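One structure below.
The values are calculated or read from the model by the stated rules, or taken from the named source; none is laboratory data. What you see is a predicted model, and the numbers here were worked out from it, not measured in a lab. All Cβ positions, glycine included, derive from the backbone under ideal geometry; neighbour counts span all protein chains shown.
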Amino acid sequence: MLEDKKLEEARNNAIKDINSEKIIKTKDSKYVDFFLKNAKDSLDSAKILLDISLNEKTKNSLGMPDFNGFLWVINSSYYSMFYMARTLLESIGVKIKTEESMHFLVFNALVYYFYSTGKLERHFIEDFENAQEESAQILGKEKAREIISDYSSEREKRGKFTYETGEIAMKGKAETSLSRAKRFYEEARKILGK
C-alpha cells in the first residue's frame with residue numbers, strides 16, 4: 001500500500017519539477033494517440049507473451065518448447081501502464097522535459113495532475129508504483145542472475161526444484177502485472193473518454 005507520505009512527497013517533487021521546468025504544461029496535446037498506441041501495443045505484447053508462455057502446444061509449434069516470457073510480460077505490462085500515464089499527461093498538455101529519471105517524473109506528475117485532483121483513484125496510483133518497482137526489481141535480479149550464470153556453473157547445481165519454484169513465482173507475478181496493466185489501461189481510457 002502506498003503511504004500518504006509518499007504521495008505527498010511525489011506531489012511536492014512534481015511542484016519542484018514544474019518550477020524547474022522539467023514538467024511543463026502547454027496547450028499542445030498532439031502525442032496522445034502516439035502514447036495510447038504504445039500503451040495498447042505493450043499491453044497486447046504482454047497478453048501474447050503470457051499466452052505463449054502458458055501454452056505448450058504453441059511453444060512447440062513455434063519451435064521453442066522451453067520458451068518462458070514471464071519476465072517480459074511483467075515489463076510489457078509496466079510499459080503499458082507507463083505509456084497510459086504518458087497518454088493521460090499528454091491529454092492535458094503536460095510534457096516531461098528530461099531524459100534522466102523519466103519514470104520518476106511521470107509518476108510524480110501523475111500523482112499531481114490526476115490523483116491529487118481526484119481524477120484517478122489511489123489504487124491505480126498504487127498499481128502503477130507497484131508495477132514500476134516490480135519491473136525494476138525483477139530486471140535487476142534477472143541481470144544479476146545472468147552475470148552470475150556466466151561466471152559459475154551453480155545454475156546447473158541448483159537443480160530442477162529451484163528452477164520450477166522460480167518459474168511458478170515469475171508466472172504469478174506476470175499474471176498480476178498483466179491484470180494491473182489491463183485495469184489501468186481501461187481506467188485511463190475512461191478518463192480520456194476513449
(request) Can you tell me which residue among Ala131, Ala181 is part of a helix (DSSP H, G or I) and at pLDDT below 90? (result) Ala131
(message) Anything in the stretch 36-51 that is of a type outside the set (D, E, K, R) and either touching a Gly at 6+ places or on another chain (Cβ under 8 Å) or surrounded by fewer than 17 Cβ atoms within 10 Å (Cβ to Cβ) (or both)? List them, or say none.
(response) Ile48, Leu49, Leu50
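Listed here are the residues, each with its yes/no results for (1) under 18 Å from the mean Cα position of the chain (by Cα); (2) surrounded by 15 or more Cβ atoms within 10 Å (Cβ to Cβ); (3) assigned to a helix (DSSP H, G or I).
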position: Asp17; (1), (2), (3): no, yes, yes
position: Phe34; (1), (2), (3): yes, no, yes
position: Asn75; (1), (2), (3): yes, yes, yes
position: Leu88; (1), (2), (3): yes, yes, yes
(request) Could you list all residues from the stretch 1-52 that are within 21 Å of Leu178 (Cα to Cα), touching a helix residue (DSSP H, G or I) at 6+ places or on another chain (Cβ under 6 Å) and either modelled with pLDDT under 95 or of a type in the set (A, V, I, L, M) (or both)? (result) Leu2, Leu36, Ala39, Leu43, Ala46, Leu49, Leu50, Ile52
(message) Restricting to the stretch 9-35, give me the number of residues that are touching a Gly at 6+ places or on another chain (Cβ under 7 Å) and charged (D, E, K, R).
(response) 3
